[in-house]
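The values are calculated or read from the model by the stated rules, or taken from the named source; none is laboratory data. The shown structure was predicted, so the numbers you read here are calculated from the model rather than taken from an experiment. Positions of Cβ are backbone-derived with ideal geometry, glycine not excepted, and every protein chain shown enters the neighbour counts. The accessibility values were calculated without ligands, DNA or RNA, using every heavy atom of the protein model including side chains. Shrake-Rupley method; radii C 1.70, N 1.55, O 1.52, S 1.80 Å.
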Amino acid sequence: MSSAKKDIRALSKKELQDFFIGIGDKKFRGDQVYEWLWNKGVHSFEDMTNISKDTRAQLEERFVINHIKVDSLQKSTDGTIKNAVRLHDGYVVESVLIPTESRTTACVSSQVGCSLDCKFCATAKLKRMRNLNPDEIYDQVVAIHRESILYHDRPLSNIVFMGMGEPLMNYKNVLKSVEMITSDEGLGMSPKRITVSTSGVPKMIRKLADDEVKFNLAVSLHSAIQETREQIMPFAKQFTLTDLRDALEYWYSKTKRRITYEYVVWKDVNDTDADIKALIQFCKYVPCKVNLIEYNPIDDGEFQQASDEAINRYISGLESQRIPVTVRRSRGKDIDAACGQLANKS
Ligand code: SAH
């Protein structure tokens, strides 16, 4: 029978308050229970000690409290930690803790698998099984926050939605999870320390702007030439660069926050001067910076990282136009925890 009960952590604060009003209790009871669920992170109604026995029994009858379980934890020689996270229905997703000198970043998953088909990404080889619930995203962050304190002796400082899945294809739950991560009843983190990365879903980028989100936006661009992008990211046939550009202009007009473009340079794919020229042109549409990501080979060997010479041409081309560019070294490669390597191998 318990499967018919609803996960109480799928309710927003407002929905909880309404539930208590509905059963003739006070709105304030919703706030109390919300705090138990999120800030205190209890696993049973029993533990909600300032809630009456009667009310607890009523909650027990209708709801369950789902939690993720960290099944296994792998540590890289560079300090990166990868969690295999088991969900209540048995699916497994991965999340990663990335420590650097100045920050500790949690990289979290938003879907089980992914519905997109980027040719260079290991997660794309898994079918999309389902969206994660807000609490399942939130719990990944909490687990990593605890590990950061335990193993690195400092709290989590940043969160990136760059794990498995396309966050903007699970829009509502991703936004709910951010609401909890940033709220005082949750982790109280600043949205400025959160980055949501998308492969570029124009309609949803516009929606983010309309919803006035306060977090940062990153776009996995990888090519500013339509034909090339279609080859490596076939969904780009529907979500064209022209539509993407329009959506990004709209985002900037509303938020005044610059975009980060993630970009991998591959040998014989996007390493010519024409590719660089197209990227520079694309970068002129909205204020942005470019993050050149090191390629992490996945098993099939179809793609190869471009030469240092090609990457240096990108850097000097962008810098000559005063477009900020950084090169991101990969972390956690020895445990398949780097970008695009998350595929539940273990
Ligand atoms: N679906 C979202 C979130 C995933 S983020 C998005 O595409 O943005 C993962 C980042 O790693 C994306 O920028 C993706 O393009 C990049 N990536 C995927 N496979 C990779 C690989 N093998 N090596 C390096 N980066 C990769």
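Here are the numbers for this structure:
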| item | result |
| --- | --- |
| Test item: Cα-centred dipole of region 124-220, Lys/Arg +1 and Asp/Glu -1 on Cβ, debye | 500 |
| Compactness of region 125-237 - radius of gyration and Dmax, Cα, Å | 15.5, 47 |
| Two-site FRET efficiency, K345 against D47, from Cβ-Cβ distance with R₀ of 25 Å, rounded to 0.05 | 0.10 |
| For region 19-155, Kirkwood radius (reciprocal of mean inverse C-alpha pair distance, Å) | 17.2 |
| Bins of 20 Å from zero: percent of alpha-carbon pairs in the chain | 29, 55, 15, 1 |
| Global form of region 167-211, assessed from the alpha-carbon gyration tensor, a/c cut-off 1.5 | prolate |
| FRET efficiency for D334 and D210, using Cβ-Cβ distance with R0 set to 45 Å, rounded to 0.05 | 0.60 |
| Charge dipole magnitude, Cβ of K and R +1, D and E -1 - region 2-64, Cα centre, debye nearest 20 | 140 |
| For T198, distant residues with modelled amide H under 5 Å away | A218, V219, S220 |
| Whole-number percent relative contact order across the chain, with pairs defined as alpha carbons under 8 Å at least 6 apart | 15 |
| Normalised contact order of region 194-346, rounded percent, pairs of Cα under 8 Å and 6 or more residues apart | 21 |
| Under-5 Å amide H pairs with N296, H placed in peptide plane, nonlocal only | none |
| In nm, spacing of pseudo-spin labels at K5 and K237 (7 Å Cα→C-beta vector) | 4.7 |
| Gap separating the Cα centres of region 314-346 and region 234-277, nearest whole Å | 16 |
| Solvent-accessible area, 1.4 Å probe, carbon plus sulfur percent, for the chain | 48 |
| Cα centre as origin, Lys/Arg/Asp/Glu Cβ charges: the chain dipole, Debye | 700 |
| Long-range HN-HN contacts of D7 with modeled amide H, under 5 Å | V64 |
| Computed over region 2-64, the ratio Rg/Rh where both radii use C-alpha atoms and Rh is Kirkwood | 0.91 |
| Sites M129 and D184 - FRET efficiency at Förster radius 25 Å, r taken between beta-carbons, to 0.05 | 0.15 |
| Near-label residues of region 234-251 by backbone N, under 13 Å of a point 7 Å along Cα→Cβ of D117 | 234-239 |
| Highest to lowest packing among 10-23, 164-177, scored as the average C-beta count within 10 Å | 164-177, 10-23 |
| Residue-normalised accessible area of the chain, expressed per residue, 1.4 Å probe, Å² | 46 |
| Cα centroid separation - region 152-180 against region 17-42, whole Å | 24 |
